[in-house]
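Below: one structure, written as structure tokens.
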Amino acid sequence: MIYRNKKSFTLLELVMVIIVVGILATLGYTQYTSWVEKGRTAEAILRIGVMRQLAYEYYMKNGSFAGIRSEDVGADNTPCSPSVWYQDGFGTDSDQNVYLTVIRCTSGGKTPNASREYYYFLIYSPGTGQSSWHCQYSDDSSGCLGLPP
């Protein structure tokens, strides 16, 4: 007995629906990871802001960055772990300038991890009040997040 009036989907229609759903899922995941990375960058900016404030307090107390340590700017150099997205650190190039840095975890940190490691940093000189934001990929030294390297 053949039912010719029964309505159903053809195999081609089902394949087309699966393809469309796959494309939409891919676009959704891409947007999701983009929003996640923007949130991670906001956290990095906040961490650098706290480190900047502590560096400023150190500078105002001592008149220079001579003898400054990680603890003075709140940089704990904690390695990537399931509870962190960034490693933080700092450095100086003189008694007047400090580099406040966060390095994006590519493994070992909270998921999703970044696909490429990058350094997000602030060069800060409290004596002149000048500061400049930079971002650099570690594998090719190009700028990232719309900032110069």
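The values are calculated or read from the model by the stated rules, or taken from the named source; none is laboratory data. Since the structure is predicted, the reported quantities are computational estimates derived from the model, not experimental observations. Note that each Cβ is placed from the backbone with ideal geometry, even for glycine, and that neighbours are counted across all protein chains shown. Quick note on the areas: whole protein, heavy atoms, side chains included, nothing else; ligands and nucleic acids left out. Shrake-Rupley method; radii C 1.70, N 1.55, O 1.52, S 1.80 Å.
Listing for the model above:
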{"quantity": "Candidate set: the stretch 76-97, residues that are among the β-branched types (Val, Ile, Thr) and in contact (Cβ under 8 Å) with a residue 12 or more places away in the chain; chosen: the one farthest from residue 37 (Cα to Cα)", "calculated": "92"}
{"quantity": "Per-region count, the stretch 59-88, residues part of a helix (DSSP H, G or I), out of contact with any strand residue (DSSP E or B) (no Cβ under 7 Å at 6 or more places or on another chain), surrounded by fewer than 19 Cβ atoms within 10 Å (Cβ to Cβ) and not basic (Lys, Arg)", "calculated": "3"}
{"quantity": "Residue pairs meeting the criteria (Cβ under 7 Å; at least 6 apart or on separate chains; first closer than 16 Å to residue 124 by Cβ, in the stretch 64-75; second in a loop (DSSP other than H, G, I, E, B) and at pLDDT below 90)", "calculated": "64/95; 64/96; 65/95; 65/96; 66/95; 70/76; 70/77"}
{"quantity": "Members of the stretch 25-43 that are more than 11 Å from the chain's Cα centre (by Cα) and of a type in the set (Ser, Thr, Tyr)", "calculated": "26, 29, 30, 32, 33"}
{"quantity": "Flag if residue 46 is modelled with pLDDT of 90 or more and within 14 Å of the chain's Cα centre (by Cα)", "calculated": "yes"}
{"quantity": "Some residue of the stretch 7-21 being in a helix (DSSP H, G or I) and in contact (Cβ under 8 Å) with a residue 60 or more places away in the chain", "calculated": "no"}
{"quantity": "Within the stretch 94-113, tally of residues that are buried (at least 20 other Cβ atoms within 10 Å of the Cβ), part of a loop (DSSP other than H, G, I, E, B) and touching a Ser or Thr at 6+ places or on another chain (Cβ under 7 Å)", "calculated": "1"}
{"quantity": "Members of the stretch 114-126 that are at pLDDT below 85 and open to solvent by less than 50 Å² (accessible area, probe 1.4 Å)", "calculated": "114"}
{"quantity": "Selection from the stretch 31-58 of residues that are in contact (Cβ under 8 Å) with a residue 24 or more places away in the chain, of a type outside the set (Gly, Ala, Ser) and either outside any helix (DSSP H, G or I) or open to solvent by less than 60 Å² (accessible area, probe 1.4 Å) (or both)", "calculated": "33, 36, 37, 40, 41, 43, 47, 48, 51"}
